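Let me begin by presenting the structure, written as structure tokens, before commenting on it.
The values are calculated or read from the model by the stated rules, or taken from the named source; none is laboratory data. None of the values given here were measured: they were computed from a predicted structure. Virtual Cβ from ideal backbone geometry, glycine too; neighbours counted across all protein chains shown. The protein model used for the area step is the full one, side chains on, heavy atoms only, and it has no ligands, DNA or RNA in it. Shrake-Rupley method; radii C 1.70, N 1.55, O 1.52, S 1.80 Å.
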Amino acid sequence: MSLSAVPNALDALLTILRTGIDPNDLTVLDGPTLTDVPDDVIFVGYQPGDSVSVNVQQGFAYAGARRRDETFEIHGLIESRSGDTDMQARRARAFEILGLIETALRATDAQPTAPTLNGTVLWAHLTAGDLTQDQTPDGAVVGLAWTISCQARI
């Protein structure tokens, strides 16, 4: 019996995003990186200014203390940048990428277990986002922090 569904759920989310999104179109990273990032990137388990990758809560599922319910939130970030100052284009691209994430979490004939993160949780869905916009010496940068909420029984 596992103490938490979090490690397997994170791995499954990364797999779903990496197989569901064209790697030539954007990059999916596991946590923060120490190197330069491409123009469009998805960070899983990272938001700037916050060291929390996942929030976890557990409680007994029912009397007898045999099973536990676990709820957790996976945090991440979409970043879209370019060498120009067109904020509208960066903002539109960030929300387009968010749509790719949300779509990847939906059940389809090809991915019937996507909302369960390939069976690692009972359900997972996109529940929150925060938009940031900056003009830098290198051009427009839009960040879209997101949260995926999950429910598991362990």
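Taking the longest Cα principal axis of the chain as reference, the axis of helix 87-104 is set at about 20 degrees.
Principal axis analysis of the Cα atoms in the stretch 1-136 yields extents of 60, 36, 24 Å, listed in decreasing size.
Computed extension length for Glu96-Trp123: 7.4 nm, one decimal, from 0.36 nm per residue of separation with the Cα-Cα distance subtracted. To test your reading of the geometry: what angle, between 0 and 90 degrees and rounded to tens, separates the Cα axis of helix 6-20 from the longest principal axis of the chain? It is inclined by approximately 50 degrees. Here the alpha carbons of the stretch 74-133 define both size measures, Rg and Dmax, at 14.2, 43 Å. For the chain, modelled as a GNM whose springs connect Cα atoms under 10 angstrom apart, the maximal fluctuation among Ile42, Ile16, Ile74 occurs at Ile16.
Translational diffusion coefficient of the stretch 100-154 (Stokes-Einstein, Kirkwood radius from Cα pairs, 37 °C, 0.692 mPa s): 252 µm²/s.
Counting 0.36 nm for each residue step from Gln57 to Asp36 and taking away their Cα separation leaves a gain of 4.2 nm. Looking at the chain, the accessible area is 54 square angstrom per residue; that uses a 1.4 Å probe and ignores ligands, DNA and RNA.
I'd like to know which of Pro23, Pro115, Gly76 lies farthest towards the positive end of the charge dipole of the chain, counting +1 on Cβ of Lys and Arg and -1 on Cβ of Asp and Glu. Toward the positive end, the furthest listed residue is Pro115. Carbon and sulfur together cover what percent of the accessible area of the stretch 7-104 at a 1.4 Å probe radius? That share works out to 49 percent. Highest GNM mean-square fluctuation among Gly59, Gly31, Gly76, for the chain modelled with Cα contacts below 10 Å: Gly59.
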